[in-house]
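The values are calculated or read from the model by the stated rules, or taken from the named source; none is laboratory data. The structure displayed is predicted, hence computed values, not measured ones. Glycine gets a Cβ as well: all are built from the backbone with ideal geometry, and neighbour counts include every protein chain shown. Each accessible area value is taken on the protein alone, full model and side chains, heavy atoms only, with ligands, DNA and RNA left out. Shrake-Rupley method; radii C 1.70, N 1.55, O 1.52, S 1.80 Å.
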Amino acid sequence: MVGQSEVVIDVEPLIRVEGLGKSYGDFRALDHCSLQIHAGEIFGLLGPNGAGKTTLMRCLLGFVRPTSGQATIGGFDCWAQRTEAHAQLSYMPAQPQLPRLLRARDVLRFFAEVRPPQPPRGPSQKNQPPRLDSATKGGLTNASVRFERACQLADRLQLDLNRWVALMSTGMRQKLAIAATLCAETPLVFLDEPTANLDPDVRSQLLQELETLRANGTTVVFSSHVLSEIEQVCDRVAVLAKGKLVGISEMRQLQQGSVITGRLPAGTIWEPIGESMEWTAPDRFKWQSYRPLEDVLPGLLSLGVRDLKIETLGLLDVYHRHLAYHAGGEASDRSLHGKDDGT
Amino acid sequence: MIGPLLRKTWLETRWLLGGCLVLMCFFFWLRVWLVSRLDSGRFQQILELLPNQIRSLVRVDFSFIVTHTGRVSIGFEEPMVMLIMAIWCISRGSDLVSGELSRGTMEMLLAQPISRRRAFFVPLCYALAGVTMLAMASLIGTWLGVATIQANEAYYPAITIPLIGTSVPIPFAKPIEMRVPMYELVDWRAFWPGAVNLFALGVTMLGLATAFSAYDRYRWRAIGGVAITLILMSIVKVVAMSYAPVGWLGWLSIFSAFEPALFISQTSTNPAATWRFYFFGKGDVLTMSHWTYNLVLLGIGIGLIWHASRVFERRDLPAPL
């Protein structure tokens with residue numbers, strides 16, 4: 001939902017997904033999904049197991065061919081022009097597997113050298129200024145600089161670069177994959193459950209790296225089951241269930257959201273526009289608001305509210321309400337939903 | 001982008017390639033050594049004892065097989081040679097798609113700005129280079145053997161008939177044992193048609209393994225599929241050669257086109273067979289030369305590789321398990 005004070009972004013989104021669907025036989029893994037992700041956003045993907053998060057990512061990465069709809073990254077079609085699209089992005093899968101018969105250093109060298117000097121600019125990026133890469137020298141990204149950066153990152157993650165990948169633990173391989181992924185400094189990064197096997201220290205280090213990416217203007221698509229992480233780093237979050245996109249919420253709004261309960265004098269007629277209001281008894285209400293409390297409370301107090309109770313609305317509540325709404329259960333907050341095009 | 005891919009493939013497979021090359025080289029050296037140990041006369045006696053059914057399986061003239069060159073050329077048809085080539089081709093071919101998929105390494109690889117075609121063809125070219133090196137290793141092993149080994153040869157003392165000047169061996173005399181360098185008995189350059197035929201077979205096996213790999217996500221299943229296909233083809237060849245009414249079955253086996261000893265004998269005895277697709281052999285019968293057979297093998301191999309690349313470029317990549 002776009003807030004009133006928000007400036008409407010008038011640039012082409014970095015990722016555009018329109019009616020994307022993917023079926024495996026009769027099973028619909030992804031069903032008419034539409035969303036847009038703008039440059040510089042950290043976008044979270046949430047959903048229960050089998051919701052379609054990975055399928056959506058795999059469609060965007062050109063690993064699977066959509067059965068309907070279209071997805072573009074930087075204007076490049078994710079299936080037909082996937083190589084060009086890949087030049088814009090780096091990706092770390094949920095359980096990264098790296099060549100086992102190589103040493104960690106060789107793996108980092110491979111990922112540093114395999115990229116072209118400078119990613120091609122997509123049709124939707126022609127009018128945008130070139131993105132400055134810290135490893136850019138004279139207009140070309142130097143592979144050796146990229147490798148150096150990967151080594152520095154690996155060093156920060158306390159990784160032994162002389163060790164064979166086959167002899168690494170799952171967590172160490174995850175760290176190596178993080179270093180290999182982030183060394184590219186691409187405009188777009190896909191991270192599929194990146195903190196799954198990491199110890200708390202490295203997890204917080206990674207979240208710090210994400211903050212650095214945000215500061216550099218990198219777009220991150222982040223999938224995780226850990227809601228606190230999503231809450232901490234994401235600007236927007238999409239919830240998927242049974243292959244459908246059931247809601248997109250802005251984290252900033254969620255953070256100022258609250259559930260307000262109380263009693264109003266009998267006969268009071270009051271209906272806040274565009275927000276979820278529920279009368280649990282003739283004089284008792286439950287209101288889910290995403291406005292700042294300082295805007296809400298004076299009005300309520302003027303109506304003579306009693307037994308006022310305010311609870312902060314967390315991502316878990318939103319997540320559950322989205323899923324419940326999709327399942328056809330209790331009434332959900334429609335205001336959480338973005339427009340159909342996901343803006 | 002090709003360089004890093006080649007380097008990665010090399011680092012992953014160097015021990016396998018090195019092992020196969022050393023084994024191939026050593027086997028051919030050993031083969032020459034074994035030939036040098038066995039007396040030609042005794043070898044001829046052994047061949048004459050073979051029943052006709054077995055003789056029908058050998059397409060090479062026995063007069064050629066009893067020579068040192070002929071006996072060394074049989075080495076190209078040894079199961080060990082085919083096994084080494086099969087190990088390399090099946091391991092590399094199956095690894096191209098299903099191997100990377102089953103290990104889960106394909107995802108991070110293809111998330112890089114590398115086209116699927118490149119991710120397919122760079123390791124494939126490396127595998128083809130390996131096939132070439134293995135075929136060359138067979139020649140190098142033979143050359144090493146010929147250059148370093150001496151053969152035991154028994155000569156009967158001969159008497160020279162006066163006036164005519166002809167020498168006649170005395171059969172009842174005690175033979176004279178002599179050590180003769182193999183390079184005086186064998187010219188290693190005569191074996192190149194065998195090495196070329198081995199290369200062509202390698203390309204076909206690689207194509208077959210690649211095709212199985214392109215369709216599957218499990219490497220063990222791709223390896224199983226290729227292994228069963230190759231075993232069935234070798235059985236088909238034996239059946240086709242043993243029983244004339246089903247000789248047409250030979251067309252169904254790639255091993256029907258793998259006859260290195262025959263091709264070595266053809267080029268050794270008939271220079272017309274060296275650079276032609278066909279020639280007139282014994283009794284002026286039109287005979288296909290080794291080039292025709294090799295082209296068939298290469299055509300099948302390249303066709304399978306092309307098909308595998310098309311499948312790989314269009315298929316969905318399943319998520320790792």
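Yes or no: residue A:219 open to solvent by 50 Å² or more (accessible area, probe 1.4 Å) and on the phi < 0 side of the Ramachandran plot?
Against the criterion (open to solvent by 50 Å² or more (accessible area, probe 1.4 Å) and on the phi < 0 side of the Ramachandran plot), residue A:219 does not qualify.
Of all residues in the stretch B:292-321, how many are within 14 Å of chain A (Cβ to nearest Cβ) and among the hydrophobic types (A, V, I, L, M, F, W, C)?
Residues in the stretch B:292-321 being within 14 Å of chain A (Cβ to nearest Cβ) and among the hydrophobic types (A, V, I, L, M, F, W, C): 5 in total.
Is it true that some residue in the stretch B:168-179 is surrounded by 15 or more Cβ atoms within 10 Å (Cβ to Cβ) and within 30 Å of residue B:12 (Cα to Cα)?
Looking for residues that are surrounded by 15 or more Cβ atoms within 10 Å (Cβ to Cβ) and within 30 Å of residue B:12 (Cα to Cα), one finds none in the stretch B:168-179, hence no.
Against the conditions (1) more than 7 Å from every other protein chain (Cβ to nearest Cβ); (2) open to solvent by 10 Å² or more (accessible area, probe 1.4 Å); (3) assigned to a loop (DSSP other than H, G, I, E, B), where does residue A:70 fall short? Just the number, please.
(3)
Could you tell me how many of the residues in the stretch B:4-40 are over 23 Å from the mean Cα position of the chain (by Cα), assigned to a helix (DSSP H, G or I) and surrounded by 12 or more Cβ atoms within 10 Å (Cβ to Cβ)?
Result for the stretch B:4-40: 10.
Just checking, does the stretch B:46-64 include any residue being open to solvent by 40 Å² or more (accessible area, probe 1.4 Å), closer than 20 Å to residue B:196 by Cα and modelled with pLDDT of 85 or more?
no
Please go through the stretch B:153-163 and give me each residue that is assigned to a strand (DSSP E or B), surrounded by 13 or more Cβ atoms within 10 Å (Cβ to Cβ) and not small (Gly, Ala, Ser), ordered by number.
Scanning the stretch B:153-163 gives a single hit, B:153.
Starting from the stretch B:164-185, take each residue that is at negative phi and list its partners that are among the polar types (S, T, N, Q), counting only C-beta distances under 6 angstrom and pairs at least six apart or across chains.
Filtered contacts from the stretch B:164-185: B:167/B:160; B:179/B:150; B:181/B:150; B:182/B:36.
Quick one: residue A:105 ticks every box in (1) in a loop (DSSP other than H, G, I, E, B); (2) more than 9 Å from chain B (Cβ to nearest Cβ); (3) open to solvent by 30 Å² or more (accessible area, probe 1.4 Å); (4) in contact with a helix residue (DSSP H, G or I) (Cβ under 9 Å, 6 or more places away or on another chain) bar one, so which box is it?
(1)
Pick out the one residue from A:39, A:80, A:87 that is aliphatic (A, V, I, L, M), open to solvent by 10 Å² or more (accessible area, probe 1.4 Å) and more than 18 Å from the chain's Cα centre (by Cα).
Sole residue among the options that is aliphatic (A, V, I, L, M), open to solvent by 10 Å² or more (accessible area, probe 1.4 Å) and more than 18 Å from the chain's Cα centre (by Cα): A:80.
Which residue, of B:300, B:264, is in a helix (DSSP H, G or I), surrounded by 14 or more Cβ atoms within 10 Å (Cβ to Cβ) and at pLDDT 95 or above? I'd like the intermediate steps shown before the answer.
Details: B:264 fails: at pLDDT 95 or above.
Result of the check over B:300, B:264: B:300.
Given the criterion within 14 Å of chain B (Cβ to nearest Cβ), open to solvent by 10 Å² or more (accessible area, probe 1.4 Å), within 25 Å of residue A:43 (Cα to Cα) and modelled with pLDDT of 85 or more, identify the matching residue among A:119, A:187.
Matching residue, one of A:119, A:187: A:187.
Report every pair of residues separated by at least 6 positions or lying on different chains whose Cβ atoms are under 8 Å apart, first residue within the stretch B:295-319 and within 20 Å of residue A:24 (Cβ to Cβ), second among the polar types (S, T, N, Q) and surrounded by 15 or more Cβ atoms within 10 Å (Cβ to Cβ).
That search, which allows pairs on different chains as well, returns B:319/A:54.
Among the residues of the stretch B:194-214, is there at least one that is at pLDDT below 95 and of a type in the set (Phe, Trp, Tyr)?
Within the stretch B:194-214, not a single residue is at pLDDT below 95 and of a type in the set (Phe, Trp, Tyr).
Before we move on, is residue B:277 out of contact with any strand residue (DSSP E or B) (no Cβ under 6 Å at 6 or more places or on another chain), under 18 Å from residue B:199 (Cα atoms) and open to solvent by 70 Å² or more (accessible area, probe 1.4 Å)?
Considered against the rule, which asks whether it is out of contact with any strand residue (DSSP E or B) (no Cβ under 6 Å at 6 or more places or on another chain), under 18 Å from residue B:199 (Cα atoms) and open to solvent by 70 Å² or more (accessible area, probe 1.4 Å), residue B:277 comes out as yes.
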